[in-house]
Amino acid sequence: MKVALLNPPWSFGGSIYFGCREPHLPLELGYCQSLLEAHGHEVLMLDGAFDGLSIAGLAERVERFAPDLAVITTAPTYLFWRCAQPELTLPAALAGALRPHAPCLAAIGPHGSSTPRAVLDKLPVDLVVMGEAEELVRDIANGADWSATPGLASWGNKEAPTIVGGPHAGRFVDLPALRWPDAWIGAHHHHHHRFEGEPDGPGAEVEASRGCPYSCSFCAKLHFRDRYRRRQLDAILDEIDGLLAQGVTYLYFIDEIFLPQRALLEALVERPLRFGVQTRIDLWKPELLELLGRAGCVSIEAGVESVTEQGRATLDKNCRMSTEELAERLILAKRHVPFVQANLLEVTNDDEALLDAWRDRLRGQGVWANDPVPLFPYPGSPDYLARFGPPDDWAWERAHQSYLRSFEEFSDIQEERPLPLGELERGCRCA
């Protein structure tokens, strides 16, 4: 079978989107390509940003390829599935442009994982993959029965969607080393969450683990990338060595939570690269922070969320350190890693004077503590479930409306007030 895998040319005007707006490697499509080619399928993988293609340009390339199946992602890379843009404007436009050129059109991403019926309604696609995508895309290409394969949602008789089971969780641990086109790596100028120095070569993204053993209320991972798994070390190192051979000088580990892995860190000590991670600082012992620095880590994004134990408990952080202990561990991390950030969320009842004093103390020691960010109730998060119940066809609209009503100020990457979701998605719904 001929399969086209496509990442749209992303833009986020008027969006509440919290993720980085620079291009990143579409890891989910890379895994799909590896598994498809291992089963003998012919694959065309395109990325709007790295290939320099508009939606019309992507559609033209797909038309020439004449695929049996085309797959589009509704969020910009696995890294941002937990904080995806609510609007499906660009995926809908891409799906519409591809529709004449693909007998079968499928969508993967966090939107369909939490609200498959809504995605089928908004996008002119035949099929929605719920959960982690790579294994199910392979199965679709291998002829899986849509009406009997858990993790798939389709129109069936065109009157009512057929939704089989729930979101899929892949094995992940044995995924092969990814290889990327030289042109993509050459165009990957962005070093994600790096602030201690200017890029001195191409950047890249790598995944060493998937999921998280914690269940913080704000994290949208109930329907994808939930269960914690570690990838085989030899595959990770093979992938990293391939990137080094392509000239990459900086990696960002997209892991939801980069837990201490001594064997991986010791292997990285021997490799000439720098990297960034997102983690929980309360899980790192002093000697492992020292090893993390020696391994080449130059950026830590540490989820603290609240400066009070009560606030962290409200968010179900399950943190065993006091606020003072967290501050001391962050300051210690800064001795070994050039840039350390304490992520904070806007939490009701956090004392403003206490917050300011804590942030000033950390900043005085060189640790960045951001302005608290308003919390968006993502469908697929425990927070959404507690507020509104299980997500339905209008879950994204409901969450978006609640967010705009609750806050006057938003994250520091939003230079203007976000637009209502209905305005962003005008003309999106097919039914």
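The values are calculated or read from the model by the stated rules, or taken from the named source; none is laboratory data. No experiment lies behind these values; they were computed from the predicted model shown. In this analysis, Cβ positions are derived from the backbone assuming ideal geometry, glycine residues included, and neighbour counts consider all displayed protein chains. Protein only, heavy atoms only, side chains kept; ligands, DNA and RNA dropped before computing areas. Shrake-Rupley method; radii C 1.70, N 1.55, O 1.52, S 1.80 Å.
Remarks
- Whenever a residue of region 293-309 is open to solvent by 10 Å² or more (accessible area, probe 1.4 Å), its partners that are among the polar types (S, T, N, Q) and not in a strand (DSSP E or B), lying with C-beta atoms within less than 7 angstrom and at least six residues away or across chains, give the pairs Thr308/Thr323; Glu309/Ser322; Glu309/Thr323.
- Criterion: under 22 Å from Ser406 (Cα atoms) and not β-branched (Val, Ile, Thr) - qualifying residue of Glu346, Glu324, Glu309, Glu287: Glu346
- Residue match in region 343-366 (condition: under 18 Å from Leu292 (Cα atoms) and touching a strand residue (DSSP E or B) at 6+ places or on another chain (Cβ under 7 Å)): no
- Subset tally (residues that are open to solvent by 20 Å² or more (accessible area, probe 1.4 Å) and over 20 Å from Leu283 (Cβ atoms)) for region 193-224: 11
- Being more than 17 Å from Glu196 (Cα to Cα) and of a type in the set (Val, Ile, Thr) is a description that does not apply to Ile331.
- Selected residue (criterion: farthest from the chain's Cα centre (by Cα)) from residues of region 4-17 that are open to solvent by 30 Å² or more (accessible area, probe 1.4 Å) and farther than 20 Å from Glu207 by Cβ: Gly13
- Residue that is modelled with the highest pLDDT [pool: residues in region 345-385 that are assigned to a loop (DSSP other than H, G, I, E, B) and among the aromatic types (Phe, Trp, Tyr)]: Tyr378
- Every pair of residues 6+ apart whose Cβ atoms lie under 6 Å, when the first sits in region 134-153 and is within 13 Å of Leu69 (Cα to Cα) while the second is in a helix (DSSP H, G or I) and open to solvent by 20 Å² or more (accessible area, probe 1.4 Å): Arg138/Leu35
- Those strands (runs of 3 or more DSSP E) lying entirely in region 81-155 with at least 1 residues open to solvent by 10 Å² or more (accessible area, probe 1.4 Å) and in contact with a strand residue (DSSP E or B) (Cβ under 9 Å, 6 or more places away or on another chain): 104-108
- Test set (1) open to solvent by 10 Å² or more (accessible area, probe 1.4 Å); (2) at pLDDT 95 or above; (3) closer than 19 Å to Glu205 by Cα - Met1 fails condition number: (3)
- Residue-level check: of (1) surrounded by 20 or more Cβ atoms within 10 Å (Cβ to Cβ); (2) assigned to a strand (DSSP E or B), Leu44 misses just (1).
- Just one of (1) open to solvent by 80 Å² or more (accessible area, probe 1.4 Å); (2) in contact with a Ser or Thr (Cβ under 9 Å, 6 or more places away or on another chain) fails for Val373. It is (1).
- Residues that are in contact (Cβ under 8 Å) with a residue 60 or more places away in the chain, part of a loop (DSSP other than H, G, I, E, B) and closer than 30 Å to Pro379 by Cα, drawn from region 50-80: Phe50, Pro76, Thr77
- Within the span defined as region 325-333, one or more residues are touching a Gly at 6+ places or on another chain (Cβ under 9 Å), closer than 30 Å to Ala267 by Cα and part of a helix (DSSP H, G or I).
- Looking across region 225-253, the residues that are open to solvent by 10 Å² or more (accessible area, probe 1.4 Å), in contact with a strand residue (DSSP E or B) (Cβ under 9 Å, 6 or more places away or on another chain) and either of a type in the set (Ser, Thr, Tyr) or on the phi > 0 side of the Ramachandran plot (or both) come down to Tyr228, Thr249.
- Filter pass, Arg171 being outside any loop (DSSP other than H, G, I, E, B) and under 28 Å from Lys221 (Cβ atoms): no
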